[in-house]
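Taking it in order: structure first as structure tokens, then the write-up.
The values are calculated or read from the model by the stated rules, or taken from the named source; none is laboratory data. The model shown is predicted, which means the values in this text are computed figures rather than measured ones. Cβ sites come from the backbone with ideal geometry, for glycine too, and all protein chains shown count toward neighbours. The protein model used for the area step is the full one, side chains on, heavy atoms only, and it has no ligands, DNA or RNA in it. Shrake-Rupley method; radii C 1.70, N 1.55, O 1.52, S 1.80 Å.
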Protein chains: 2
Amino acid sequence: MITRFTVPELHTMTRDLADVASGRRPADVVIGNARVLSTYSERILEGKEIWLYKGRIAAVKPAGSHRAVSGMPQPYDAGSGILAPGLVDPHIHIESSMMTACAYAEAALLNGTTTIFCDSHEIGNVCDSDGIEWMLEDARQAPLNIFLTVPSTVPATTPEFETAGGDLTPHKIGALFDGYPEAVALGEKMDFVQVAMGDTRSHAILAEALQRGKPVCGHVYGREFVAAFAASGITDTHEAIDKDIADDLLEAGLWIFLRGGPPTTPWHSLPEAIKTITELGAHSKRVCVCTDDRDADDLFLFGLDWVTRQAVVAGLQPEQAWSMGSLHGATRYHLDAELGGLGHSRRADIVLLNDDLEVQNTWYGGELVVEDKKITPVLEQQLEHQRYTYPAAAYRTIRIGQDLTLTPPLPERACVVNTIKAALPGITLFHEQVSLDIADSWQHHFTAHDLCFVTIVERHGKSGAVAHGLLKNFGLRSGAVASSVGHDAHNIIIAGTNEADMQLALKTIADNHGGVVVVDAGEVKSLVALPVAGLLSDKRAPVVAEETLRFKDVWRAAGCTLPYMGFNLIPLSVIPEIRITDKGLVTVPEMAQLPLVEPA
Amino acid sequence: MITRFTVPELHTMTRDLADVASGRRPADVVIGNARVLSTYSERILEGKEIWLYKGRIAAVKPAGSHRAVSGMPQPYDAGSGILAPGLVDPHIHIESSMMTACAYAEAALLNGTTTIFCDSHEIGNVCDSDGIEWMLEDARQAPLNIFLTVPSTVPATTPEFETAGGDLTPHKIGALFDGYPEAVALGEKMDFVQVAMGDTRSHAILAEALQRGKPVCGHVYGREFVAAFAASGITDTHEAIDKDIADDLLEAGLWIFLRGGPPTTPWHSLPEAIKTITELGAHSKRVCVCTDDRDADDLFLFGLDWVTRQAVVAGLQPEQAWSMGSLHGATRYHLDAELGGLGHSRRADIVLLNDDLEVQNTWYGGELVVEDKKITPVLEQQLEHQRYTYPAAAYRTIRIGQDLTLTPPLPERACVVNTIKAALPGITLFHEQVSLDIADSWQHHFTAHDLCFVTIVERHGKSGAVAHGLLKNFGLRSGAVASSVGHDAHNIIIAGTNEADMQLALKTIADNHGGVVVVDAGEVKSLVALPVAGLLSDKRAPVVAEETLRFKDVWRAAGCTLPYMGFNLIPLSVIPEIRITDKGLVTVPEMAQLPLVEPA
């Protein structure tokens, strides 16, 4: 079984590597007839071959050097292609792909990504430390280097505003650092307003990381918060939406992770932020690229390799861009002696690229796991039969009450309702008050004002709360859509036009222990089951991708104007202007709770 | 008292810094009317001011911003100069300056150096772990950030070839890592042949560092050793003598420290090695500058600031060069969140530069310690009265026998002698066989062949050994010179023309518990007393510099062709071609022991 631990620790094998590099012992793999992309010098070196031993790079040598050593294996012919280090993704949430870490590895390796720094913030919000530890075990069994950036902001707000499953106190965060060597940093400190304002709990969490010498990852919007955020000891961000804030952040001492994603989404901030380099003349040595979140289907099209190529599209040199995608992330986390370059003694996490930086092959720890853009049989076997199985408790996280009423009573007199107005790209949601006359059905109001119901059902078995709201311009014409992924507390969101279909959507999610569903006229039209913590499928990456793709078609056909990932943000009460949680409507950043219905 | 610990640890003060950066609390120092050299973006930023709080940078703001915050102090006027981070020297041996760490700090701060990574290899060779721990205590009381790279190669060879005071076993090295958080790396692994050949002890020492996740510093000569050296997990070197080996080392995954020093010495390899950047097109992001060794007097003229400016002379941009002198070293040791740039939350180790990168002022931990190129009164007081005092045991390290005979018997018949031929620059010493006829005195031979005696006296109280040799072309006309600094075992070296003066030189060293001395006709002509471990003066930097300068004049006047620092390398039995230790003559790298006199 290929995992991160298949390659022996360096301290146990320096003598062997010295023997191989000196030609006293044969390599066990030679990759020949290659150019080498050096992330150290940002050059492409001609006429090279690489000698591997037990999953590490023993030496990079001039082409043909193997002939002088007896017992050397026949070289693998790289066909004059470019050998480069596997990509290093410095910031991702595996849960966004709705698959397990073991499954995620398949897509990552196809994209040439061999290392990820994952913030398991979502499963932490549902299952607290337990969920994070399950995912760490999942990660340890995956054929991928998966490091943890310990979730720092669980819950995202306070119990006053939302019921979450997790509560990662400073003490629990410290325990994760102490218990898991792969917990190399504190994950994105996303409550940047609280950090800037000096909130006690936020800074106590920062202290847990800083006093252990662990870097702190961040997430900040708004140039006005940069100074205090950086002063608090936070040293990276992936949320630089334009060149000016990118420049501010870089100068304040933060590493910048340029985030790329499907160009139609707000995830694709790279083209603007990279102008800090291409237009403002900043150096690229403290700039990386990352993916952050990726739908399962997009993972195959818009992986970190794609993001890296986008940096070339934006005007950077290929060697520079690939360094940003590999060595720089490794350096940010102090792992450049192990990862991010083809230096001697490093892990043999190597990709073979064509001249357009497209990944042809991937060697993970010296093992050929992707060849000609396809998973090799050895990895195929493992992925099919040896993925980590989450414990039974992970499959029992949808805990809702009986006989819930999912729609509000019809107002009996003229009134004003506080609605949530959807608009693309779907991050910000707008507060709009709508005046309702007397009508004999909600359907009348829905048609008149382009409204539908939006209901949040607490699902952690805590409060049993249900909150009713109205969603404007969402476009859903009939039936209901629902999701057990509802950032960040992951209560169940149901949008719908009638009680019966909303009930069916909720029941379908409950029966499947989680999922996303489209229902119409008493029939389930599409479902992706997410039984693990109500967040993750337990299937393989291509299966989840295929299911997601089909689901999105049905979703769009139902008329939904917000993409699925935007829909899941409806309860995220840290983004303006108005949100709905299981505690009801709340405006952001004022954090004022509002009733759904007010007198006219 | 100003030390590294005067600035509170970051985790204790993030809330305060957020308050200051947000303008909710006044800074305690503002440095205004400045440009800022950004090591993050490699640009000079116009119109800035820096807000400090309790020794850290709270924020870098647009000039004049302090006016909007009540209670702010009057800004210190930087006169439109350039504020830059204090320099970071990634590799030095304090002992080379023949002063204590507390004394060294004075010169360093005048040079704008606020952090050094020191390898206390010499005191380790004399006093084993005890000496390293004394120097660590000295370092903790110094007004300078002093980190330890744990000496890795003590003794430099084996007891078969030399008697050393120290024997740093893998176990002792592990204990130093575990006992001292400032032990951030393994110091230069200089036995590169043994490393490349897979020597058991050498690799056991590497493992002590690697298994603790500590970087390993190196030192390697010869392109043929690079592959195996790098494969052994070593990730830096300061010994790149030309662009080709620098390029090899960089591509093998090592950080390169370009070493600069007095241009007449072999220490100044920067101008050749930097061509890997200026001619071969390598990127500079993994390149630093360092000083390695520096005589006390040279320390004031050829500090790290001078080395950094030499990178500009070689064609680099000033911002790029200063980054190589600060941020890059901090990054190499994973301390870039604390050092090496003017990012928010960093230590306020700041220099004020003119446009030629000459250091005008230095703030150490927010305290103005150098102003207009002079030590400020607060630091003057501390340096004069509060330097660390080494324990009594450190003053008792010259332990030699009684009634030693320092010169060999005059051969009674024609013979061949194996001599050590000196030649500039003084690193390599050449093996020359000289035929001697019968003569009635050594003086006859000396005149005929430009010879003098060279004698090594074991001084650790172990073997009591004395070894006799002959030095050719050293130029000493009369009297004797001697030193208790004799790399790396630091036995006493005495060169001389007669027994009486050599005895006086030895006695003078013994009486002073160590030193370097020039004697002639029964009179001590010059002496620098080095009572601490026989390696260090206990005086202040300018005093040691002045004494050294005067000593060098007398040394040269005596006719000595090798500079003092080269003389001290005579016993260093890891450099070709021939050396003399307390065990006698040995050829390198063959490690063949030779008699002084052979039959004709």
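Which members of the stretch B:1-13 meet the condition of being of a type in the set (Ser, Thr, Tyr) and either part of a loop (DSSP other than H, G, I, E, B) or touching a residue at least 12 places away in the same chain (Cβ under 8 Å) (or both)? First the steps, then the outcome.
Step one: filter the stretch B:1-13 for residues of a type in the set (Ser, Thr, Tyr), giving B:3, B:6, B:12.
Across the stretch B:1-13, the qualifying residues are B:Thr3, B:Thr6.
Restricting the search to the stretch B:275-293, which residues are more than 14 Å from chain A (Cβ to nearest Cβ) and at pLDDT 95 or above? Residues satisfying the conditions are B:Val289, B:Cys290, B:Thr291, B:Asp292.
The conditions of being more than 29 Å from B:Asp336 (Cα to Cα) and of a type in the set (A, V, I, L, M, F, W, C) are not met by B:Met190. Taking the stretch B:19-32 as the range and being assigned to a loop (DSSP other than H, G, I, E, B), surrounded by fewer than 24 Cβ atoms within 10 Å (Cβ to Cβ) and free of Cβ contacts under 8 Å to residues at least 60 places away in the same chain as the test, the residues that pass are B:Ser22, B:Gly23, B:Arg24, B:Arg25, B:Pro26. Note on the stretch B:325-376: no enclosed strands (runs of 3 or more DSSP E) hold 1 or more residues that are within 15 Å of B:Ala108 (Cβ to Cβ) and within 11 Å of chain A (Cβ to nearest Cβ).
Right, A:Asp16: of a type in the set (Asp, Glu), within 10 Å of chain B (Cβ to nearest Cβ) and in contact (Cβ under 8 Å) with a residue 24 or more places away in the chain or not?
Working: of a type in the set (Asp, Glu): yes; within 10 Å of chain B (Cβ to nearest Cβ): yes; in contact (Cβ under 8 Å) with a residue 24 or more places away in the chain: yes.
Against the criterion (of a type in the set (Asp, Glu), within 10 Å of chain B (Cβ to nearest Cβ) and in contact (Cβ under 8 Å) with a residue 24 or more places away in the chain), A:Asp16 qualifies.
Considering the stretch B:570-600, and only residues there that are acidic (Asp, Glu) and within 18 Å of B:Val220 (Cα to Cα), the residue that is least open to solvent (accessible area, probe 1.4 Å) turns out to be B:Glu577. Of the strands (runs of 3 or more DSSP E) contained entirely in the stretch A:54-105, not one carries at least 3 residues that are within 14 Å of chain B (Cβ to nearest Cβ), open to solvent by less than 10 Å² (accessible area, probe 1.4 Å) and without any contact (Cβ under 8 Å) to a residue 12 or more places away in the chain. Every test in (1) touching an Asp or Glu at 6+ places or on another chain (Cβ under 6 Å); (2) closer than 21 Å to B:Ala101 by Cβ; (3) open to solvent by 30 Å² or more (accessible area, probe 1.4 Å) is passed by B:Leu280 save one, and that test is (2). Within the stretch B:412-437, being more than 30 Å from B:Tyr564 (Cβ to Cβ) and exposed (fewer than 12 other Cβ atoms within 10 Å of the Cβ) holds for B:Glu412, B:Arg413, B:Ser435. Criterion first (under 30 Å from B:Cys290 (Cβ atoms), in a loop (DSSP other than H, G, I, E, B), at pLDDT 95 or above and among the charged types (D, E, K, R)) does B:Arg35 satisfy it? Taking the combined requirement at face value, the residue does not satisfy it.
You will find that of A:Gly486, A:Gly566, A:Gly534, A:Gly559, the residue that is open to solvent by less than 20 Å² (accessible area, probe 1.4 Å), under 25 Å from A:Thr265 (Cα atoms), part of a helix (DSSP H, G or I) and of a type outside the set (A, V, I, L, M, F, W, C) is A:Gly566 and no other. Filtering the stretch A:237-273 to residues that are closer than 18 Å to A:Leu569 by Cα and open to solvent by 50 Å² or more (accessible area, probe 1.4 Å) leaves only A:Thr264. Quick one: B:Val126 ticks every box in (1) within 13 Å of the chain's Cα centre (by Cα); (2) more than 20 Å from B:Ala209 (Cα to Cα); (3) not hydroxyl-bearing (Ser, Thr, Tyr) except a single one, so which number is it? Just one mismatch for B:Val126, condition (1).
Within the stretch B:412-448, the set of residues being within 24 Å of B:Asp293 (Cα to Cα) and part of a loop (DSSP other than H, G, I, E, B) comprises B:Ala422, B:Ala423, B:Leu424, B:Pro425, B:Gly426, B:Ile427, B:Thr428. The single condition among (1) over 26 Å from A:Gly325 (Cβ atoms); (2) within 38 Å of the chain's Cα centre (by Cα); (3) within 12 Å of chain B (Cβ to nearest Cβ) that A:Ser38 does not meet is (1). For the stretch A:210-233, the set of residues classified as out of contact with any helix residue (DSSP H, G or I) (no Cβ under 7 Å at 6 or more places or on another chain) and buried (at least 24 other Cβ atoms within 10 Å of the Cβ) consists of A:Cys217, A:Ala230, listed by residue number.
Scan the stretch A:532-539 and tell me whether some residue there is within 30 Å of A:His385 (Cβ to Cβ) and more than 21 Å from the chain's Cα centre (by Cα). Can you show your working first?
Here is the first cut: in the stretch A:532-539, the ones within 30 Å of A:His385 (Cβ to Cβ) are A:532-539.
Within this subset, residues satisfying the condition of being more than 21 Å from the chain's Cα centre (by Cα) are none.
No, there is no match, as no residue in the stretch A:532-539 is within 30 Å of A:His385 (Cβ to Cβ) and more than 21 Å from the chain's Cα centre (by Cα).
Of everything listed in (1) surrounded by fewer than 21 Cβ atoms within 10 Å (Cβ to Cβ); (2) touching a residue at least 12 places away in the same chain (Cβ under 8 Å); (3) under 28 Å from B:Asp28 (Cα atoms), the single unmet condition for B:Arg396 is (3).
The lone criterion from (1) part of a strand (DSSP E or B); (2) open to solvent by 30 Å² or more (accessible area, probe 1.4 Å) left unmet by B:Gln402 is number (1). Where helices (runs of 4 or more DSSP H) fall entirely within the stretch B:210-274, those with at least 2 residues that are out of contact with any Cys (no Cβ under 6 Å at 6 or more places or on another chain) and away from every other protein chain (no Cβ under 12 Å) are at B:243-251, B:270-273. Counting only strands (runs of 3 or more DSSP E) wholly contained in the stretch A:113-207, the ones carrying 3 or more residues that are under 30 Å from A:Gly55 (Cα atoms), open to solvent by less than 10 Å² (accessible area, probe 1.4 Å) and more than 14 Å from chain B (Cβ to nearest Cβ) occupy A:113-118, A:145-150. Of all residues in the stretch A:496-531, those satisfying the criterion of being within 13 Å of A:Ser484 (Cα to Cα), open to solvent by 50 Å² or more (accessible area, probe 1.4 Å) and part of a helix (DSSP H, G or I) are A:Lys507, A:Asp511. Take the conditions (1) within 12 Å of chain B (Cβ to nearest Cβ); (2) crowded, with 24+ Cβ neighbours inside 10 Å; A:Ala311 misses just one of them, which is (1).
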